[in-house]
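For reference, the structure discussed in these notes is given below.
The values are calculated or read from the model by the stated rules, or taken from the named source; none is laboratory data. Note that the structure is a prediction, hence the values are computed from the model and not measured. Positions of Cβ are backbone-derived with ideal geometry, glycine not excepted, and every protein chain shown enters the neighbour counts. Only protein heavy atoms, including side chains, enter the accessible area calculation; ligands, DNA and RNA are left aside. Shrake-Rupley method; radii C 1.70, N 1.55, O 1.52, S 1.80 Å.
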Amino acid sequence: RKEVEQDPGPFNVPEGATVAFNCTYSNSASQSFFWYRQDCRKEPKLLMSVYSSGNEDGRFTAQLNRASQYISLLIRDSKLSDSATYLCVVLETSGSRLTFGEGTQLTVNP
Amino acid sequence: NAGVMQNPRHLVRRRGQEARLRCSPMKGHSHVYWYRQLPEEGLKFMVYLQKENIIDESGMPKERFSAEFPKEGPSILRIQQVVRGDSAAYFCASSADRLDIQYFGAGTRLSVL
């Protein structure tokens, strides 16, 4: 079983759509959780951290369910500029390494 | 305030040559991490260093790969006797503390002919 598993995608949605990405992780003792985005295999850029209480940043909402070891990202009113690969990322208990999911590719169409 | 700086951005080597990849962390950051992204794959952790110390190298291949982060100067990822399978994007990240957010450099794309 992979340490971090994501929806394989790709997702193709029209502008304005709402899209949700799911992710599960295998290590119940994992420390911290993030969503990064990667454009055309450039460097990953932090989108947001994910907290158990859930957190929102504009059109983006992230949720963490520690009991189910499940992380989600919701994008509302999607824009063309949201087209990217979204990476579910877990910081391991040692605090020294990020473990990345394979990524879910999103294309927002006009 | 410059971000994480990596150079070169692109590196072409022939099989058997050595590749040296450099990474200067963000100002004020003393923790450096190297990740590798093979074609069509996700990022994989390689090594975690602090100044003059390797903290975790569990993701490094056993042979030909080494990393350092000297007291002065950038962190270096060194690949000896490169093979075609080493062709990948190598990303460096840095953080202010061990559990802090990691910020990534633009990466070095290594092509082995």
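See the values below:
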{"read-out": "Number of the exception - B:Ala19 against (1) away from chain A (no Cβ under 13 Å); (2) under 25 Å from A:Tyr86 (Cβ atoms); (3) of a type outside the set (Asp, Glu)", "value": "(2)"}
{"read-out": "Any hit, region B:21-40, residues being over 23 Å from A:Trp35 (Cα atoms) and among the aliphatic types (A, V, I, L, M)", "value": "yes"}
{"read-out": "Selected residue (criterion: least open to solvent (accessible area, probe 1.4 Å)) from residues of region B:59-97 that are over 25 Å from B:Ala2 (Cβ atoms) and part of a strand (DSSP E or B)", "value": "B:Ile79"}
{"read-out": "Filtered residues of region B:44-58 (kept if in contact with a Lys or Arg (Cβ under 7 Å, 6 or more places away or on another chain) and either farther than 25 Å from B:Asp100 by Cα or touching a residue at least 24 places away in the same chain (Cβ under 8 Å) (or both))", "value": "B:Met46"}
{"read-out": "Cβ-Cβ under 7 Å pairs, at least 6 apart or on other chains, region B:102-113 side aromatic (Phe, Trp, Tyr), far side open to solvent by 20 Å² or more (accessible area, probe 1.4 Å)", "value": "B:Tyr103/B:Gly3; B:Tyr103/B:Met26; B:Phe104/A:Glu43"}
{"read-out": "Residue, modelled with the lowest pLDDT, within region A:5-34, restricted to residues that are more than 10 Å from every other protein chain (Cβ to nearest Cβ) and open to solvent by 60 Å² or more (accessible area, probe 1.4 Å)", "value": "A:Pro8"}
{"read-out": "Hits in region B:29-58 (condition: open to solvent by less than 50 Å² (accessible area, probe 1.4 Å), at the interface with another protein chain (Cβ under 10 Å from one of its Cβ atoms) and not in a strand (DSSP E or B))", "value": "B:Gly42"}
{"read-out": "Single residue of region A:52-83 satisfying the filter (assigned to a strand (DSSP E or B) and open to solvent by less than 10 Å² (accessible area, probe 1.4 Å)) that is farthest from the other protein chains (Cβ to nearest Cβ)", "value": "A:Ile75"}
{"read-out": "Residue check, A:Val89 touching a Pro at 6+ places or on another chain (Cβ under 9 Å), open to solvent by less than 10 Å² (accessible area, probe 1.4 Å) and within 14 Å of another protein chain (Cβ to nearest Cβ)", "value": "yes"}
{"read-out": "Residues that are more than 10 Å from every other protein chain (Cβ to nearest Cβ), open to solvent by 10 Å² or more (accessible area, probe 1.4 Å) and under 27 Å from B:Leu110 (Cα atoms), drawn from region A:35-51", "value": "A:Arg37, A:Asp39, A:Cys40, A:Leu47"}
{"read-out": "Residue satisfying all of: in region A:92-110; open to solvent by 60 Å² or more (accessible area, probe 1.4 Å) and under 11 Å from the mean Cα position of the chain (by Cα); farthest from the other protein chains (Cβ to nearest Cβ) among these", "value": "A:Gln105"}
{"read-out": "Number of the condition not met by B:Asp100 [criteria: (1) more than 28 Å from A:Gln31 (Cβ to Cβ); (2) open to solvent by 10 Å² or more (accessible area, probe 1.4 Å)]", "value": "(1)"}
